[in-house]
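Structure first, then comments.
The values are calculated or read from the model by the stated rules, or taken from the named source; none is laboratory data. In this text, all values refer to a predicted model and were calculated from it rather than measured experimentally. Glycine gets a Cβ as well: all are built from the backbone with ideal geometry, and neighbour counts include every protein chain shown. Ligands, DNA and RNA are stripped out before the accessible areas are found, and what is left, the full protein with its side chains, is counted by its heavy atoms. Shrake-Rupley method; radii C 1.70, N 1.55, O 1.52, S 1.80 Å.
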Amino acid sequence: MTKNRWLIALSAIAIHLSIGGAYAYSVYKKPLVETMGWSETEVTLAFTIMMALAGTSAAFFGKFVEKNGPRKSAMVAAVLFGLGQAGSGLAVMVDSLPLYLLTYGVLSGLGMGIGYISPVSTLVKWFPDRRGLATGMAVLGFGAGALITAPVAATLMESVGIYTTYYILGAGYFILMFLGASYIAPPKANWLPEGMKKDIESGKKELKKDLRQLTAKEAVKTKHFWMLWSMKLINTSAGIMMISVASPMAQDVVGLSVAGAATLVGIMGIFNGGGRLGWAAASDYMGRPNVFVIFFIIQIGAFLLLPTTTNTLLFQGLILLVVSCYGGGFSNLPAFAGDLFGTKEIGAIHGYLLTTWSLGGVCGPMLVTAIRESTNSYIPVFYVFAALIAIAFVISIWLRLDIKKMQKEQKQGATNTLSKIS
């Protein structure tokens, strides 16, 4: 019996909601520093380890996902992430920082990486007609995880303490991820939804074919892979940079109040999540290459306007646009990879592309910090990132034209083959 693809999507959201809870880490910082006596740097190190491992493990375990399937992979992710979170409670209980770094940092990071790619690569196969929307829903779940976890974790810590909170949330994450993993499975080869199949048979729709079907090893050798990788790295670096310094930047440049800056940070979370779903859904109609071109046009304009903007509302609006493009980049990535390289080994290919997640998470904040410290101003930051985004824009135009050229050549080749047969 064929599974319900919308329940597959719901299962993917359950997994992503769980691993996305790790983004609520800031709520643990102060209680850990005050209760355990660990320094803020030591506490932050656990999160840094987790985020660094999330992107690299997604790349490293991509082949594992392809070989063992999404269900087994997501179950491994549930065990690793659940143990990582619950094990953090044990580390707090016995007052062991090394154990905390191992559990929250290493185990949670490995679970997050595998858990991120397992359902997304499957959704691409279940939604050939709405790839963007499907991957957008899952990745929105990832962004929403922190919004749900933050108040829950804060309330639990006040009522039952830190380590019990970790136990409860760790168990909750495991159950939710395990239930999601239990239902996830890839469709049969060449599967199409009934509505799409009827439209193709009646001639209402033409089956949109992927540019080619490649293995991960073959995809990495193409220029299209590295073009997409470069675009994603710059987009991620710009977004994470903005997220990391939005509050002090807004206070410093346009004099936003502390309370106003805190509100901005909260709204950024909404635009990050909304951008993941909105831009992904739009890409099903506009095409992934066009959406990435739009991302960079918006961001070039935003980064060039930010240094000259004195209006606080406009300044915040420009920041929110950049953050929405950052979120949209994540949700469009697996769908774009599927369009370019097919679904043969989409999990592994997506994993390799997610190395930009870890690298961008380091490059963006480091670059803005270095520029701010050397110039004592955020203004040069905007111009540096405008230049980087301009490079990404050029690459996106080049990629778009190259895709059109390949599609034209393929169509011409198919026409010539048919004429020879007839």
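How do the helices (runs of 4 or more DSSP H) wholly within region 49-132 filter down when requiring 1 or more residues that are under 27 Å from Val362 (Cβ atoms) and among the β-branched types (Val, Ile, Thr): which remain?
62-93, 108-126
Here is a check on your reading of the model: is Ala189 under 22 Å from the mean Cα position of the chain (by Cα) and assigned to a loop (DSSP other than H, G, I, E, B)?
No: the conditions fail for Ala189.
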Residue satisfying condition, being under 23 Å from Gly20 (Cβ atoms), more than 18 Å from the chain's Cα centre (by Cα) and in contact (Cβ under 8 Å) with a residue 12 or more places away in the chain, within set Ala302, Ala261, Ala246, Ala219: Ala246
- prompt: For the subset of region 78-91 comprising residues that are open to solvent by less than 10 Å² (accessible area, probe 1.4 Å) and touching a Leu at 6+ places or on another chain (Cβ under 8 Å), which member is farthest from Met51 (Cα to Cα)?
  reply: Ala91
query: Residue check: is Ser244 under 20 Å from Arg372 (Cα atoms), among the small types (Gly, Ala, Ser) and at pLDDT below 95?
result: yes
statement: Those residues of region 97-120 which are open to solvent by 10 Å² or more (accessible area, probe 1.4 Å) and either in contact (Cβ under 8 Å) with a residue 40 or more places away in the chain or within 21 Å of Gly62 (Cα to Cα) (or both) amount to Leu97, Leu101, Val106, Leu107, Leu110
Unique match (being surrounded by fewer than 18 Cβ atoms within 10 Å (Cβ to Cβ), within 23 Å of Ile117 (Cα to Cα) and modelled with pLDDT of 85 or more) among Lys63, Lys72: Lys72
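Quick one: in region 136-183, of everything that is among the polar types (S, T, N, Q) and either over 22 Å from the mean Cα position of the chain (by Cα) or part of a loop (DSSP other than H, G, I, E, B) (or both), which residue is surrounded by the most Cβ atoms within 10 Å (Cβ to Cβ)? Reasoning before the result, please.
Just the residues of region 136-183 that are among the polar types (S, T, N, Q), to begin with: 149, 155, 159, 164-165, 182.
Filter once more, so that each one left must be either over 22 Å from the mean Cα position of the chain (by Cα) or part of a loop (DSSP other than H, G, I, E, B) (or both): 155, 159, 164-165, 182.
Values: Thr155: 12, Ser159: 9, Thr164: 15, Thr165: 25, Ser182: 13.
Here the answer is Thr165.
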- request: Would you tally the residues in region 26-46 being without any contact (Cβ under 8 Å) to a residue 24 or more places away in the chain and aromatic (Phe, Trp, Tyr)?
  value: 0
- request: With the checklist (1) of a type in the set (Val, Ile, Thr); (2) farther than 23 Å from Met93 by Cβ; (3) more than 15 Å from the chain's Cα centre (by Cα) in hand, flag the one item Val120 doesn't pass.
  value: (3)
statement: Flagged in region 1-48 as of a type in the set (D, E, K, R) and part of a loop (DSSP other than H, G, I, E, B), in numbering order, are Lys3
- prompt: Is it true that some residue in region 125-134 is surrounded by 21 or more Cβ atoms within 10 Å (Cβ to Cβ), in contact with a helix residue (DSSP H, G or I) (Cβ under 8 Å, 6 or more places away or on another chain), farther than 30 Å from Val94 by Cβ and modelled with pLDDT of 90 or more?
  reply: no
- prompt: Out of the residues in region 8-43 that are modelled with pLDDT of 80 or more and hydroxyl-bearing (Ser, Thr, Tyr), which is surrounded by the fewest Cβ atoms within 10 Å (Cβ to Cβ)?
  reply: Thr41
Check on Leu333, among the aliphatic types (A, V, I, L, M), open to solvent by less than 30 Å² (accessible area, probe 1.4 Å) and under 15 Å from the mean Cα position of the chain (by Cα): yes
field: Tabulated pairs, region 184-198, first surrounded by 11 or more Cβ atoms within 10 Å (Cβ to Cβ), second of a type in the set (Lys, Arg), C-beta under 6 angstrom, 6+ apart or interchain
entry: Ile184/Arg71; Ala185/Arg71; Pro186/Lys125; Pro187/Lys125
Exclusive hit being outside any helix (DSSP H, G or I) and crowded, with 18+ Cβ neighbours inside 10 Å, set Thr310, Thr356, Thr343: Thr343
- request: Tell me which residues, restricted to region 380-394, are within 18 Å of Met231 (Cβ to Cβ) and surrounded by 18 or more Cβ atoms within 10 Å (Cβ to Cβ).
  value: Phe385, Ala386, Leu388, Ile389, Ala392, Phe393
